[in-house]
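The values are calculated or read from the model by the stated rules, or taken from the named source; none is laboratory data. Please read these numbers as outputs of a predicted model, since none were measured by experiment. As a convention, Cβ positions derive from the backbone with ideal geometry for all residues, glycine included, and neighbour counts pool all protein chains shown.
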Amino acid sequence: MINPSRVNPQKAIQDLTDGLGVDVAFECVGTSAALNTAVDVTRRGGKICVLGAFPGPFEFDFPALLASEKSISTCLGYSDEFPLTIAMLGDGRLRADPLITRTLSLPEVVEEGLRRYEEMAATNIRTVFQI
């Protein structure tokens, strides 16, 4: 796994692929930085699939995408995944605990949760609020 808070993801992927880049990149965060990284690490003619939910408009270098003949597609994958995911969590085939960065109680959420969430946005996978 490549942790972008510890290494430059573009350099790491270039090293792993002998300078070619990946065939397909999945953007799952919903930030312009994550999308730009996905575009940067994808090889010429590769594909980028955007799954992250972006909070609003942002700047994007479309001519660079066009010049490298990369394509972008989007997917909002919430049609019928929830029943299967719940079943897999229930019977142990899927473990969610490795994906939880932090758990906050409701008072902590009110006092510090949103501030802390914004500070950790680049490295936070999932914060769970206990109610």
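Out of all the residues in segment 91-101, is one or more among the β-branched types (Val, Ile, Thr), in the same structural domain as Glu118 (by TED's automatic domain parsing), assigned to a loop (DSSP other than H, G, I, E, B) and in contact (Cβ under 8 Å) with a residue 24 or more places away in the chain? First the steps, then the outcome.
Going residue by residue through segment 91-101, those that are among the β-branched types (Val, Ile, Thr) are 100-101.
Cutting the leftovers down to in the same structural domain as Glu118 (by TED's automatic domain parsing) gives us 100-101.
Among the residues that remain, those that are also assigned to a loop (DSSP other than H, G, I, E, B) are: 100-101.
From what is left, the residues that are in contact (Cβ under 8 Å) with a residue 24 or more places away in the chain are 100-101.
For segment 91-101, residues among the β-branched types (Val, Ile, Thr), in the same structural domain as Glu118 (by TED's automatic domain parsing), assigned to a loop (DSSP other than H, G, I, E, B) and in contact (Cβ under 8 Å) with a residue 24 or more places away in the chain: present.
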Fill in the blank from the handout: Leu76 fails exactly one of (1) at pLDDT below 85; (2) within 17 Å of the chain's Cα centre (by Cα); (3) outside any loop (DSSP other than H, G, I, E, B), namely (3)
Exercise for the section: Exactly one condition in (1) surrounded by 14 or more Cβ atoms within 10 Å (Cβ to Cβ); (2) modelled with pLDDT of 90 or more is not met by Gly90; state its number. Expected result: (1)
Fill in the blank from the handout: When segment 4-45 is checked residue by residue, the ones that are among the hydroxyl-bearing types (Ser, Thr, Tyr) and closer than 23 Å to Pro57 by Cβ are Thr31, Ser32, Thr37, Thr42
Exercise for the section: For Glu69, indicate whether it is touching a Leu at 6+ places or on another chain (Cβ under 6 Å) and at pLDDT 90 or above. Expected result: no
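Looking for something assigned to a loop (DSSP other than H, G, I, E, B), farther than 25 Å from Glu119 by Cβ and of a type in the set (A, V, I, L, M, F, W, C) - is there at least one such residue anywhere in segment 10-27? Working first, answer last.
Within segment 10-27, the subset assigned to a loop (DSSP other than H, G, I, E, B) is 17-21.
Filter once more, keeping what is farther than 25 Å from Glu119 by Cβ: 17-21.
Still in the running and of a type in the set (A, V, I, L, M, F, W, C): 20.
Scanning segment 10-27 turns up at least one residue that is assigned to a loop (DSSP other than H, G, I, E, B), farther than 25 Å from Glu119 by Cβ and of a type in the set (A, V, I, L, M, F, W, C).
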